[in-house]
Amino acid sequence: MLIRFASLLLVLALAALDAHAADLAGQRAAFKKAYAAIEAGELSTAADQLDALADYPLYPYLRYAILDHALDEGFDATPPQAVADFLAEYPDLPIDAALRYRWLRALAQNHDWVAFLTYYDGDNAAALVCASVSAGLLDPNADQTAARRDELVAHAKSLWLSAHDQPRECNPAFAWLTAQGLLPEDLIRARFEKALDAHHFNLASYLADKLSPADQQRVARWQAMAADPASALAAPPAADTPETRARLVYGLGRLARDNAAEAKLRWQALAGQYRFNARDRATVARDVALWEARQHLPDAYRDLAALPASGYGLVKQWRIRTALWRGWWHTALKDIYNLPSAYRHSDQWQYWRARALAETHHEDEATAIYRRLARGDGYYSFLAADRIGASYAFSPRPSEPNAARMQALAKGPQLIRAHELFAVGMLNFADAEWNAATGDMPVNDRCQAGLLAASWQWHAAAIRTLARGGCWDDLKLRYPTAYEDAVETRAAKLGLDPAWVYGLMRSESLFAANAVSYAGALGLMQLMPATGRMMANRLGITLDGDRMLLDPVLNIKLGSAYLDHVGGQFGGNACLATAAYNAGPGNVNDWLPVARPIEADVWVEAIPFGQTRNYVRRVMAHTVVFDWRLGGSITSITDRMGMIQPLANGPATASRTAASDP
């Protein structure tokens, strides 16, 4: 493997000396072929492409790919000088940091402490800090003073005492401490207690195995509480100890998320049995009351009102939301006035202030607020405009392109590389190059760079850059009708409003086909792999791996089908379907009213998940703008959201019904 690696570096070097110009399209095709070959380990195939690519802007990425592949292979952690040479030759590439990080971790994992310490630059990433301490303790060539050794030992002990799992690069240092007798039982116990207090039960269990059966039983009791708090709370221990009380408080908080009413009953039974301190009682009361509010239980407002609510905390917000859900407009108005000024004057709470004023027969004051809000182009502005029958305030400011400046920017090496990476579909690398190039640009240049990205049909970069630049409010650039053929085709086939599809797509990915969320959702419409597979099966499409969901046309096809699917479950209501697209139909069913219809603006405000609440607002507002962009008649946001009807065949109980406004 080392011989193949050295030979390929030689081919690269010779190609650089004998570079020749090539047709750009041909170079792109050759680059994609060579890069794919390197990723597949077919280095000889890649070598055949290199002589045509030495003058191509992405040539450094081929050298990077070779080094990256070598790190995957793990041979000698890649010859250190090869990586060092690359980093020295291309000091401004965004990939440098990731390559250096992987390389240093590989050196540490191979216990090449000499090379690690030679090239480590003080990066404070947790794995590299661990590796630096391990290297300092274990480097056979180290000639350290006693003071330096004591410093390293102290650092290793501080890393050990973390309540979290540490990177594996810490393990050599921990093993050294153990071998030197420097990890006695008291340090093991100290870390065990920290892990238990932080509810990191896997780490606590690992440490308990080094202690005693009694400690193992302690962890088991915590794990049982985490797994099934209802059962664990139904049979509480007799011993009234600080740990028992802490475990009960933890379990009550977990139970409240699923069933606040049951958590409240359990708390009423336990509160007098144990010597809970004031902090414990306040924690349980707050957890239960907030989840009562999210679950629309009858005592929610009373229990929230009994809590201290300083500042702009969740307690104050959920008091208002609970009053709105109940239709207690006088109470809502009072609670809005009690918000801190900065929040009270936000569009959100000004809208609800106006709603409460109108409902309590202060129409003139409400109308004045609605008129002021209706001058904007956001969610609450559109709702306010509907309340007074005003037209939406679309007032786009056309962009001001400077052709000469755009051309000059396009010739910069970073933007050249960014454009080429975008053209060959390496979008994550393209984003990194683009961000590095534009991050410190003057505002005027950044605005022109945003126009440049738009001219390349790189919509995500254009939208982000124009927003960061504080540029013109050019709605055609902020709301591009990208992938128009695919969207229009699927919308027409399914009977979906294309503006809604566009609004959802912009909210999900900013039209970035490579978007991957922290949860693993993929592509333009951010499909979870399981959802993508489900819809593909329904449509008779075979997926050759989840990465196929990144294909724009396929993603739009499957995402639109899923949007239509959840829409059908909720009677075509766009508000409910949008929420279900984000949080799942099961959650949305749980959030439906029971006793009476709820106006959609109230329902959205009371969505328990903040992420979903913001998502629905964003999608609904974006949809209005896309209505305008598509040039047809605009469906008002109020009509689009509709009324939220009670859960069909729901229980005729009073558990979620309204009482009188207090």
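The values are calculated or read from the model by the stated rules, or taken from the named source; none is laboratory data. None of these values were measured; they are calculated from a predicted model. Note: ideal-geometry Cβ built from the backbone for every residue, glycine included; neighbour counts use all protein chains shown. When the accessible area is computed, the model is the full protein with side chains, heavy atoms only, and any ligands, DNA or RNA have been set aside. Shrake-Rupley method; radii C 1.70, N 1.55, O 1.52, S 1.80 Å.
Just to be sure I understand the model, the point goes 7 Å from the Cα along the line to the Cβ. What's the resulting Asp186 to Gln217 distance in nm?
Taking the simple label geometry, Asp186 and Gln217 are separated by 2.6 nm.
Per-residue accessible area for Glu42 at 1.4 Å probe radius, Å² rounded to 10?
For Glu42, the solvent-accessible surface is approximately 90 Å².
Per the helix-only calculation at 222 nm, which mean residue ellipticity applies to the chain, given -39500 (n - 2.57) for every DSSP H run of n ≥ 4 and division by its residues, nearest 500 deg cm²/dmol?
After summing the helix terms and dividing by residue count, I get -20000 deg cm²/dmol.
At 7 Å along the Cα-to-beta-carbon direction for both Tyr119 and Asp150, put a label point, then send me their distance in nm to one decimal.
Reported label-point gap for Tyr119 and Asp150 is 3.5 nm.
Å³ per residue of the Cα convex hull, for region 533-662?
Expressed per residue, the convex hull around the Cα atoms of region 533-662 is 143 Å³.
When each pair of different Cα atoms in region 113-176 is counted once in the 1/r mean, what is the Kirkwood radius in angstroms, to one decimal?
Numbers: mean 1/r = 0.0845 Å⁻¹.
Value: 11.8 Å, from the Cα pair sum.
What's the carbon and sulfur percent of the chain's accessible surface, probe 1.4 angstrom, rounded to a whole number? Could you put the intermediate results ahead of the total?
Numbers: 15280 of 29730 Å².
Result for the chain: 51 percent of the exposed heavy-atom area is carbon or sulfur.
Under the √(5λ) rule applied to the eigenvalues of the Cα gyration tensor, what semi-axes describe the equivalent ellipsoid of region 262-364? Give them in Å, descending. Kindly include the intermediate steps, with their values, before the conclusion.
Working: eigenvalues 187, 42, 15 Å².
The equivalent ellipsoid of region 262-364 has semi-axes of 31, 15, 9 Å.
Where does the charge balance sit around Ala432 when Lys and Arg score +1, Asp and Glu -1, over other residues with C-beta under 12 Å from its C-beta? Let's see the in-between values first.
On the way: positive: Arg417; negative: Asp92, Asp96, Asp431, Glu433.
Residues near Ala432 contribute -3 overall.
Over all distinct alpha-carbon pairs, what is the Kirkwood Rh of the chain in angstrom? Before the final figure, lay out each step's value.
Numbers: mean 1/r = 0.0338 Å⁻¹.
Answer for the chain: a Kirkwood hydrodynamic radius of 29.6 Å.
In vacuum, with every alpha carbon of region 142-202 counted as one equal point scatterer, what does the Debye formula give for log10 I(q)/I(0) at q = 0.21, 0.23 Å⁻¹? Two decimals, please.
Values returned for q = 0.21, 0.23 Å⁻¹ are -0.86, -0.99.
For region 465-523, state the semi-axes of the equivalent ellipsoid (square roots of 5 times the eigenvalues of the alpha-carbon gyration tensor), sorted largest first and rounded to whole angstrom.
22, 17, 8
Tell me the accessible surface of His565 in square angstrom (1.4 angstrom probe, heavy atoms of protein chains only), to the nearest ten.
That residue has around 50 Å² of solvent-accessible surface.
Measuring from the lowest to the highest alpha carbon on each principal axis, how far does region 519-588 reach, largest first, in angstroms?
In descending order, the Cα extents are 33, 25, 18 Å.
Could you please put Met426, Met548, Met643 in sequence from largest to smallest accessible area, using a 1.4 Å probe?
Largest accessible area first, the residues go Met643, Met548, Met426.
To one decimal place, what Kirkwood hydrodynamic radius in Å is obtained for region 116-257 from all pairs of distinct Cα atoms?
Roughly 17.1 Å, rounded to one decimal.
For the pair Ile541 and Arg275, how long in nm is the line joining their label points, each one 7 Å along Cα→Cβ?
Computed distance between label sites Ile541 and Arg275 equals 6.4 nm.
What lysines sit close enough to Lys316 to cross-link, taking a C-alpha to C-alpha distance under 29 Å and skipping anything fewer than 8 places away on the same chain?
Lys264, Lys334
Over the Cα atoms, compute the radius of gyration (one decimal) and Dmax (the largest Cα-Cα distance, rounded to a whole number) for region 52-210, in Å.
When restricted to Cα atoms, region 52-210 yields Rg and Dmax of 18.7, 64 Å.
Filter the chymotrypsin sites (Phe, Trp or Tyr not before Pro) in region 485-569 down to the DSSP loop ones having no more than 13 other Cβ atoms within 10 Å, then list what survives.
Values: sites: Trp500, Tyr502, Phe511, Tyr518, Tyr562; in loops: Phe511, Tyr518.
When the chymotrypsin sites (Phe, Trp or Tyr not before Pro) of region 485-569 are filtered for loop state and at most 13 Cβ neighbours within 10 Å, Tyr518 remain.
Ala54's amide H: which non-local residues (gap 5+, or another chain) put their own amide H closer than 5 Å, with H modeled 1.01 Å from N in plane and none for Pro or chain starts?
When sequence neighbours closer than 5 places are left aside, the close amide H contacts are His20.
I'd like the Karplus ³J(HN,Hα) series for region 425-442: coefficients 6.51, -1.76, 1.60, θ = phi - 60°, whole numbers in Hz, and an x wherever there's a Gly or Pro.
Rounded to whole hertz, the list is x, 8, 6, 5, 5, 4, 4, 5, 5, 4, 5, 5, 6, 9, x, 9, 5, x.
What is the Cα radius of gyration of region 453-576 over 2.2 N^0.38 Å, N being its residue count?
For region 453-576, the normalised Cα radius of gyration comes out at 1.07.
Taking only the Cα atoms of region 172-232, how large is their convex hull per residue, in Å³? Please report the intermediate quantities before stating the final value.
Numbers: hull volume 4.6 nm³, N = 61.
Considering the Cα atoms of region 172-232, their hull volume per residue is 76 Å³.
Mark the label point 7 Å from the Cα of Ala467 along Cα→Cβ and return the residues of region 474-514 whose backbone N is within less than 15 Å of it.
474-480, 503-513, by backbone N distance to the label point.
Shape of region 367-486 from its Cα gyration tensor (a ≥ b ≥ c, root eigenvalues): rounded if a/c is under 1.5, otherwise prolate when a/b > b/c, or oblate?
Taking the square roots of the gyration eigenvalues as a ≥ b ≥ c, region 367-486 is prolate.
If you rank Thr244, Thr481 by how much accessible surface each has, with a 1.4 Å probe, what is the order from largest down?
Thr481, Thr244
Accessible area of Lys316, 1.4 Å probe, to the nearest 10 Å²?
Counting only protein heavy atoms, Lys316 exposes about 40 Å² to solvent.
Among Arg321, Arg254, what's the order by accessible area (1.4 angstrom probe), most exposed first?
Heavy-atom accessible area, descending, gives Arg254, Arg321.
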